[in-house]
Amino acid sequence: MKKTAIFPGSFDPFTMGHHDIVLRSLNLFDEVIVSIGYNSTKKNRYFDVDLMVSKIKGVYAEEPRVQVVVYNELTSTLAKKYQAQFLIRGLRNTTDFEYENTISQMNRYLNPELETVFLITSPQYAAISSTVIREVHRYGGDVSEFLPFPI
Ligand code: ADP
């Protein structure tokens with residue numbers, strides 16, 4: 001049976017840390033669906049969601065096993081829609097762990113068939129966060145090294 005994993009996140013922006021998680025996930029699963037959670041009524045993103053979709057698609061243009069989608073529903077519902085058995089999240093530190101632990105317990109309650117799989121960050125990407133990249137970009141700093149595409 002085909003193993004499908006969703007990798008949900010804000011990806012505002014998608015970073016080298018996220019890219020590393022996708023590449024490693026491709027060794028574990030047949031298909032990885034990068035899923036950008038986006039609520040059009042909230043308008044609280046820094047990078048435009050359509051821009052991010054096209055940038056991420058560009059990164060995986062040669063990799064048919066990666067899909068990029070935008071969703072506005074429960075992650076557990078999204079997983080059912082794509083018949084995904086796995087949900088991927090990355091862990092950098094104990095702060096991530098505390099947050100992820102709570103979410104994964106709730107997701108298991110909502111969809112017991114969906115197994116959350118955590119990948120520990122690669123050390124060279126451990127300090128990369130979308131939040132910091134947004135701040136640096138906002139004030140004109142060069143963030144190109146931390147993103148898998150020019151912005
Ligand atoms: P969210 O807003 O849902 O936390 P993010 O886009 O910030 O979404 O992150 C998506 C996932 O990627 C989360 O599981 C997060 O912990 C993980 N992640 C973020 N940055 C890194 C990194 N540098 N290395 C590994 N995992 C990361």
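Taking region 84-105 as the search range and keeping residues that are assigned to a helix (DSSP H, G or I) and of a type in the set (S, T, N, Q), which one is nearest to the chain's Cα centre (by Cα)?
Residue satisfying both the conditions and the ranking: Ser104.
Of all the criteria given as (1) within 10 Å of the ligand (Cβ to nearest atom); (2) out of contact with any Gly (no Cβ under 8 Å at 6 or more places or on another chain); (3) farther than 18 Å from Gly17 by Cα, the one not satisfied by Thr102 is (1).
Condition test on Ala127, is it over 30 Å from Lys2 (Cα atoms) and free of Cβ contacts under 8 Å to residues at least 40 places away in the same chain? So Ala127 passes the test.
Matching residues to (1) open to solvent by 40 Å² or more (accessible area, probe 1.4 Å); (2) modelled with pLDDT of 95 or more; (3) within 14 Å of the ligand (Cβ to nearest atom):
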position: Thr4; (1), (2), (3): no, yes, no
position: Ser10; (1), (2), (3): yes, yes, yes
position: Pro13; (1), (2), (3): no, yes, yes
position: Asp30; (1), (2), (3): yes, yes, no
position: Val34; (1), (2), (3): no, yes, yes
position: Met52; (1), (2), (3): no, yes, yes
position: Arg65; (1), (2), (3): yes, yes, no
position: Asn72; (1), (2), (3): yes, yes, yes
position: Gly90; (1), (2), (3): no, yes, yes
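The values are calculated or read from the model by the stated rules, or taken from the named source; none is laboratory data. Treat the numbers as computed from the prediction; the structure is a model and nothing was measured. Cβ: placed from backbone, ideal geometry, glycine included. Neighbour counts: every protein chain shown. Side chains included, ligands, DNA and RNA excluded: accessible areas come from the protein's heavy atoms. Shrake-Rupley method; radii C 1.70, N 1.55, O 1.52, S 1.80 Å.
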